[in-house]
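Every number here is computed from the coordinates shown, using simple stated rules; none is lab data. These numbers come from a predicted model, not from an experiment. Here the Cβ positions follow ideal geometry from the backbone for every residue, glycine too, while neighbour counts run over all protein chains shown.
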């Protein structure tokens, strides 16, 4: 498995991966692939943090971290994480997340925020965001909004998350 930054030549294949990955997902909006395309065109897009997992020259998974803000501080938003159904439960999602965290830390990001499974993301160090006074701008179960600090937690990072507008327009 190779984890690498996405390339412009990957865009059509990533679209299909995201669509297929969420087709049978328990929690989905049905437009995750459109969200990826919209975020890629936005000012929140961070090219080095849009990663693919490649197996035998096929893209098996994708993760995107984009810029958000909390109390005027830059944060990362992890969304979405996609792995083709036939490649799930093989550590691909874990490898994408861990590689993303390593790159983000080197880029100087303090934390990553995710709205996701309370059973999956804690194994990567994600904790309920409310523990740090971080909240979503919409109603969401407390256990599903999580944060992972990549550096020493900052008391300045508290308040309501400002998501990229594309999360609400797609």
Please go through the stretch 139-157 and pick out each residue that is surrounded by fewer than 16 Cβ atoms within 10 Å (Cβ to Cβ) and in contact (Cβ under 8 Å) with a residue 60 or more places away in the chain.
154, 156
Quick check: anything in the stretch 118-131 within 24 Å of residue 40 (Cβ to Cβ) and part of a helix (DSSP H, G or I)?
yes
Condition test on residue 61, is it in contact (Cβ under 8 Å) with a residue 12 or more places away in the chain and closer than 29 Å to residue 153 by Cα?
no
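Test of understanding: among 108, 93, which residue is under 16 Å from the mean Cα position of the chain (by Cα) and over 15 Å from residue 159 (Cα atoms)?
Of the residues listed, the single one that is under 16 Å from the mean Cα position of the chain (by Cα) and over 15 Å from residue 159 (Cα atoms) is 93.
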Just give me the residues in the stretch 1-21 being in a helix (DSSP H, G or I) and either free of Cβ contacts under 8 Å to residues at least 12 places away in the same chain or surrounded by fewer than 18 Cβ atoms within 10 Å (Cβ to Cβ) (or both), in sequence order.
8, 9, 10, 11, 12, 13, 15, 16, 19, 20
Pairs, please: C-beta under 6 Å, at least 6 apart or cross-chain, first residue free of Cβ contacts under 8 Å to residues at least 40 places away in the same chain and in the stretch 117-138, second assigned to a helix (DSSP H, G or I) and surrounded by 15 or more Cβ atoms within 10 Å (Cβ to Cβ)?
118/144; 124/97
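Could you look through the stretch 22-42, keep only residues that are more than 17 Å from residue 86 (Cα to Cα) and touching a strand residue (DSSP E or B) at 6+ places or on another chain (Cβ under 8 Å), and pick out the one that is surrounded by the most Cβ atoms within 10 Å (Cβ to Cβ)?
Here the answer is 36.
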Which ones in the stretch 149-168 are over 19 Å from residue 29 (Cβ atoms) and part of a loop (DSSP other than H, G, I, E, B)?
150, 151, 152, 153, 154, 155, 156, 157, 158
Within the stretch 44-58, does at least one residue satisfy the condition of being surrounded by fewer than 16 Cβ atoms within 10 Å (Cβ to Cβ) and touching a residue at least 60 places away in the same chain (Cβ under 8 Å)?
no
